[in-house]
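Taking it in order: structure first as structure tokens, then the write-up.
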Amino acid sequence: MIALHPFGDPQTVVIGSASDVVTVVWRVGAADDLTLLGIDLGVLPEDRVMLDGAITYDAGDADLVADSPELAAYVLEHVAVRSAGEECTGEVTDVGDLVADGATLAFTCAGPVTQAEVEVTTLTDLHPAYRTLATGPDGQRAVYDQTGSTHAWSFDPAVVTAASTTASTASPTPAPSSAGSDLGASAALQMGGVGAVLVLLAAGALALRRRAHRTTTPTTPS
Amino acid sequence: MSSSPRSTPLALDLFGASALGDRLVDLVQSPGFTLAAFVIAFLAGAAHAVGPGHGKSLAAAYLVGSDGKVRDAAWLGLSVAAMHTLSVLVIGVLWTFFSLSDLVRLEQLTTALQLVGGLLVVGVGLWLFRRHLRHRGSAGGHGHHGHGHGHGHGHTPPPSRPGLVLLGMSGGLTPSPSAFLVLITGLFTGRSGFALALVIVFGLGLASVLFAVGLLALSGRNVVVRAAESRAVLAAATRVAPVLAAASITVIGGTVTTLAVRSMVGAA
């Protein structure tokens, strides 16, 4: 039995900064995504994908892809950072297990960075449905996909709260949806609301059933 | 670059489940709360359930083997929906806010959940066997009668709610990738309430397929009951059905458990 599309971690990036350097740690997600990338980069043979689309992998595949110069070129090509309107210079500083540790990229900008636009287009060239779940400092979060491949990130705690309140205003590069604590509280509130509606619906249905039962019972013919 | 026309990276997309799932994740991010999103969520859930797994054969076997009713099929479907929603919700929240991926890879977690689901099913199968044997013992070898009328008390023990709910839970224990992605996209973009509502509707789509399979199985059994020409054939059929059901449920549970253990050993 082969799982149609195995359930695994989605692709992620973690964005951070220190003075004039913005770091981006990219993790590929599930192992089958890594195999597809390896095939596309020409590092792995094409017969890893079977006719029905199922993917097989060998134990050494992950290392082959991680150690290849093609991978370093690929991530540098698909991740870009701009600060104060200027492109920052990127380099791959560390490549570990791409599923667990990821590849670390460092982008050196012209001056100290308080805000930066980060573009991520990894894997969307393989299939448009891929998306990247991104986390930044102070719990900022964003989702990268084919239509939203650039987000603005703030590395100054004072600006993070301001950005979260103005995130809804239309800007060419959307800011991350919200700061972390806000996001958690809002999630609890929203999902609690959905849960409350569900409980009310269930209670209503139960009450209706009881009433219907009570009114029909005496008149039911034997 | 290896080949110019790239092969599609997604696995064979039976009944458009992946395409519907992708469309659903897009809708979580697009502004506004559309009715269309809920329709797509329901369809995506149903399409997902039509694919392999989710205990469809188990549902059929259980309902046929235990003299089930339409209401029992509904219970089964609803417990799959409830368990699936809970599973997606718990894993999604842990993954987003509590760094679940640092503790365990989602692949490993899924395998573990499959193992639990498989063991649950084996348990239900064995319990069905035991109940059947006990019931026969207490009935003192009393003959079986036809099933034309409404209330079917007597020979085959009626399905029990815990058994049904446990089977349903085992079917909804492992989250579907697209429902999980819908929820975490909602959590990441501040639209978690909408995303959760979509996951619930997705679960109802899953439930509708299980419910339909249950109804098909029940009507199939009724056809057999009506078509049986002699009482002897009918008696044999009604005597064998519970045993066959218990056996197939145990075997399916055993297979799921074995597969889970094998992939755990393979990954280690």
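Here B:A81 fulfils each of the conditions (1) within 16 Å of B:L173 (Cα to Cα); (2) in contact with a Gly (Cβ under 6 Å, 6 or more places away or on another chain); (3) away from chain A (no Cβ under 12 Å) apart from (3). Quick one: would you say A:T12 is within 9 Å of another protein chain (Cβ to nearest Cβ), under 20 Å from A:P128 (Cβ atoms) and touching a Lys or Arg at 6+ places or on another chain (Cβ under 6 Å)? Yes; evaluated as a whole, the condition is true for this residue. Across segment A:100-124, the qualifying residues are those that are within 14 Å of another protein chain (Cβ to nearest Cβ) and either part of a strand (DSSP E or B) or modelled with pLDDT under 85 (or both), and the one among them that is farthest from B:T189 (Cα to Cα) is A:A100. When segment A:125-134 is filtered for residues that are modelled with pLDDT of 90 or more and at the interface with another protein chain (Cβ under 9 Å from one of its Cβ atoms), the ones remaining, listed by number, are A:L133, A:A134.
Conditions (1) modelled with pLDDT of 85 or more; (2) within 14 Å of chain A (Cβ to nearest Cβ); (3) under 14 Å from the mean Cα position of the chain (by Cα), marked per residue:
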residue: B:L196; (1), (2), (3): yes, yes, no
residue: B:V201; (1), (2), (3): yes, yes, no
residue: B:L204; (1), (2), (3): yes, yes, yes
residue: B:S208; (1), (2), (3): yes, no, yes
residue: B:L216; (1), (2), (3): no, no, no
residue: B:S219; (1), (2), (3): no, no, no
residue: B:R226; (1), (2), (3): no, no, no
residue: B:A236; (1), (2), (3): no, no, no
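Could you say which residue among A:T35, A:T56 is of a type outside the set (F, W, Y), touching a helix residue (DSSP H, G or I) at 6+ places or on another chain (Cβ under 9 Å) and surrounded by fewer than 17 Cβ atoms within 10 Å (Cβ to Cβ)?
A:T56
Does A:A80 satisfy the criteria of being surrounded by 14 or more Cβ atoms within 10 Å (Cβ to Cβ), among the small types (G, A, S) and either more than 13 Å from every other protein chain (Cβ to nearest Cβ) or farther than 30 Å from A:F155 by Cβ (or both)? Here the answer is yes, as A:A80 does meet what is asked.
The values are calculated or read from the model by the stated rules, or taken from the named source; none is laboratory data. Fair warning: this is a prediction, and the values are worked out from it, not measured in the lab. Cβ atoms come from the backbone with ideal geometry, glycine included; neighbour counts cover every protein chain shown.
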